[in-house]
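What follows is a set of notes on a single structure, which appears directly below.
The values are calculated or read from the model by the stated rules, or taken from the named source; none is laboratory data. Keep in mind it's a predicted model, so treat the numbers as computed, not measured. Note that we place each Cβ from the backbone using ideal geometry, even for glycine, and neighbour counts take in every protein chain shown. The area values use the complete protein model at the heavy-atom level, side chains included, leaving out ligands, DNA and RNA. Shrake-Rupley method; radii C 1.70, N 1.55, O 1.52, S 1.80 Å.
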Amino acid sequence: MKFIVSSTYLLKQLQVLGGVINNSNTLPILDNFLFELNNSKLTVSASDLETTMSSTLDVESDNDGSIALPARLLLDTLKTFPEQPLTFVVEDNHTVEISSNHGKYALAYADGNEFPKAVELDNPSTTNITGDILATAISKTIFAAGNDDLRPVMSGVFFQFSSEGLTFVATDAHKLVKYTREDVKADQVAEFIMPKKPLNLLKGILATSEDAITIQYNDSNAKFIFENSVLVCRLIDGKYPNYEAVIPKENPNKLTIDRMQFLNSVRRVSIFSNKTTHQIRLKIAGAELNISAEDIDYSNKAEERLTCDYQGDDMQIGFNSRFLTEMLNNLNADEVQLEMSLPNRAGILTPIDGLDEGEQVTMLVMPVMLNN
C-alpha cells in the first residue's frame, strides 16, 4: 500500500478529525486515525465510539488497503512540515515509512480491521440545511446547554423539525435559548437531542460554509453529510423537558436598550458582585435603568445608571450576571428587549434587529432572589 499526498492538505483534514479523539480512550485503537485507501481516494476516520467522523481526500495512488496510524504522533509530525508532497509506504515489518523532501520517518501501525465501524442508519429521515445556518443555530444555543451528568437530556441541544420550520433549544434550568428558522422546512416531523461534542465539531467546520448539508436521523443516531466529510453520532436518549411551559406568555413590563451599552455595564458592575452568586440588581423606573451589585463580605459595591425605553410598572429584579453576559454576548443585535412580569418570574431577552428573514431567537433567564 502506497500513496502520495500534500502535507498541508492532509494536516488540515486531520486537525478537524483530531477533535473527535478523546485524551483518554478505553480502547487503544481509538488513539489512531483509520486510513482506508481505494485507488486515488483516501478516507481518514476518527472515532470515540459515540461519534465517528470521516473525510475523503484525493491522493496519488493505485493501491488499496486499510491501516490505523497513531493520531498524536502523526499530527505533531505534520505540523512541522512546510507544504510538500509526502509519500506513505506500508513496509513488511509492520511500519509505515513517510518520505519527505528531507528525510524518512517510520511509525508502527495497527490493523485497520480492528477499528470500530461507523454505525449504518436503517431507513433514516432526511432534512437538508445550509452549513452557515446550522453553524449559527448551534452557536446561538449550545452555550445554554447544561453540564449536569445526572440530567443528560439537558446536556445537549434539542432539534425539532417540522413542515413549519426548524427549532433548536438548549437549557440548563437557569437559562434557556430557543432558536427558530422558518425559512428552512423539514418533510417529516422529528425530534432528537444532539450531544455537545459533535455539535462543537460541526460548528467549527461549517461556520463559513454555504454548502448544503444532509442530516439523516433515526431514534438513536444522526448522520451529517457535507462536502467530503461524514459525521455520525449517537443521540442522547430520553425525553426533552416541555420548554414551552416555562416561557412566560404575559410580560407587560418591556425594557428596550442598546445591547453593547447594557453588556458593558453588566460586565463592569458584576466585578463588584458576590463571587458565589454573581448577583446583580436591575431597578427600572421611568426611562432609567439602575444596575447595581454588592459584595457585603468585602464591602465592594458598584452602581450605574443607563437611559432606556421602558413601558411598565417600576420594578426591581435580580439576575446572575454570568448568564446575562453570555446571552447578550451571543446576540448580534444593536438593540435588545427584556420582557418581565414579576421579580420571581423569568425574564425574556430578544433581539430587536440583526436577524435574517425567518430567523427568531428567544432567550430566557431565571431571576435570583434579591436580599434587601
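Please work out the ratio of the alpha-carbon Rg of region 35-167 to 2.2 N^0.38 Å and round it to two decimals.
Working: Rg = 20.2 Å, N = 133, 2.2 N^0.38 = 14.1 Å.
Output field value: 1.43.
Ranked from the most accessible area to the least, with a 1.4 Å probe and all protein chains present, what is the order of Arg181, Arg305, Arg234? Mind dumping the intermediate values first?
Numbers: Arg181 10, Arg305 160, Arg234 110 Å².
Result of the area sort, largest leading: Arg305, Arg234, Arg181.
Once amide H atoms are built 1.01 Å from N in the peptide plane, which residues 5 or more positions from Ala346, or in another chain, come under 5 Å H to H?
none
Taking Cα atoms, how many degrees apart are the long axis of helix 7-18 and the longest axis of the chain, rounded to 10 and kept between 0 and 90?
Helix 7-18 and the main axis of the chain meet at about 50 degrees.
Once each part is reduced to its C-alpha centroid, what is the distance from region 86-135 to region 289-312 in angstrom?
55
Quick one: Debye curve from the C-alpha atoms of region 43-111, no solvent, what's log10 I(q)/I(0) at q = 0.15 Å⁻¹?
-0.57
Mind ranking Tyr9, Tyr109 by accessible surface for me, highest first, 1.4 Å probe?
Tyr9, Tyr109
How much length, in nm to one decimal, is gained on full extension between Leu27 and Gln15, taken as 0.36 nm per residue of separation minus their Cα-Cα distance?
2.2 nm
Taking all pairs of different Cα atoms in region 160-269, averaging 1/r and flipping that mean, what Kirkwood radius in angstroms comes out?
About 16.9 Å, per the Kirkwood formula over Cα pairs.
So if we plug the beta-carbon distance of Glu60 and Lys104 into 1/(1 + (r/R0)^6) with R0 = 22 Å, what FRET efficiency do we get, rounded to 0.05? Working shown, then result.
Values: r = 18 Å, r/R0 = 0.83.
That pair, Glu60 with Lys104, gives E of 0.75.
Quick check: residue separation of Thr126 and Thr350 times 0.36 nm, minus the Cα distance between them. What number comes out in nm?
Here the answer is 77.6 nm.
Given the options Asp58, Asp313, Asp356, state which has the largest fluctuation in a GNM of the chain using a 10 Å cut-off (strictly under) for Cα springs.
The residue that fluctuates most here is Asp356.
Give me the mean projected area, in nm² to one decimal, of the convex hull enclosing the Cα positions of the chain.
Computing the convex hull of the Cα atoms and averaging its projections yields 22.3 nm².
If the chain between Glu227 and Ala173 were fully stretched, how many nm would it gain, using 0.36 nm times the residue separation less the Cα-Cα distance? Don't skip to the answer; put the middle values down first.
Values: separation 54, 0.36 × 54 = 19.44 nm, distance 3.63 nm.
The Glu227-Ala173 span can extend by a further 15.8 nm.
So what is the 222 nm mean residue ellipticity for the chain from helices alone, if each DSSP H run of at least 4 adds -39500 (n - 2.57) and you divide by all residues, rounding to the nearest 500 deg cm²/dmol?
Result for the chain, helices only: -5000 deg cm²/dmol.
Once you sort the root eigenvalues of the Cα gyration tensor of region 304-365 as a ≥ b ≥ c, which label holds: rounded (a/c under 1.5), prolate (a/b larger than b/c) or oblate (the other case)?
prolate
Could you tell me the distance between the Cα centroids of region 228-243 and region 1-47, to the nearest Å?
24
For the chain, set up a Gaussian network in which alpha carbons nearer than 10 Å are linked by springs, and say which option among Thr256, Thr171, Thr77 fluctuates the most.
Maximum fluctuation in the GNM of the chain, among the listed residues, is at Thr77.
Among Phe81, Phe158, Phe323, whose mean-square fluctuation peaks in a Gaussian network model of the chain (Cα, cutoff 10 Å)?
Between Phe81, Phe158, Phe323, it is Phe81 that shows the largest mean-square fluctuation.
For each pair in Lys175/Lys283; Lys203/Lys301; Lys79/Lys239; Lys185/Lys283; Lys12/Lys275; Lys196/Lys275, compute the distance between the two Cα atoms and list the pairs where it is over 32 Å.
Result: Lys203/Lys301; Lys79/Lys239; Lys185/Lys283; Lys12/Lys275 exceed 32 Å.
Show me, for region 170-179, the HN-Hα J-couplings you get by feeding each phi into the Karplus relation (A = 6.51, B = -1.76, C = 1.60, θ = phi - 60°), rounded to Hz, glycine and proline as x.
In residue order, the calculated couplings are 9, 8, 10, 6, 9, 9, 9, 10, 10, 10 Hz.
Using the Karplus curve 6.51 cos²θ - 1.76 cosθ + 1.60 with θ = phi - 60°, work out ³J(HN,Hα) for each residue of region 45-51 in order, rounded to whole Hz, and write x for Gly and Pro.
Values per residue, Gly and Pro as x: 10, 9, 8, 10, 6, 7, 10 Hz.
Out of region 95-160, which GluC sites (Glu not before Pro) are coil in DSSP terms and have no more than 11 other C-beta atoms within 10 Å?
Values: sites: Glu97, Glu114, Glu120; in loops: Glu120.
Sparse-neighbourhood loop GluC sites (Glu not before Pro): Glu120.
Provide the net charge surrounding Gln337, with neighbours chosen by a C-beta distance below 14 Å and charges set as Lys +1, Arg +1, Asp -1, Glu -1.
Result for the local shell: -4.
Show me, bin by bin at 5 Å from 0, the whole-percent P(r) of region 3-82 based on Cα pairs.
So the P(r) values, bin by bin, are 3, 16, 27, 26, 18, 8, 2, 0.
Could you work out how far the C-alpha centroid of region 153-215 sits from that of region 267-287, in angstrom?
Between the Cα centre of region 153-215 and that of region 267-287, the gap is 32 Å.
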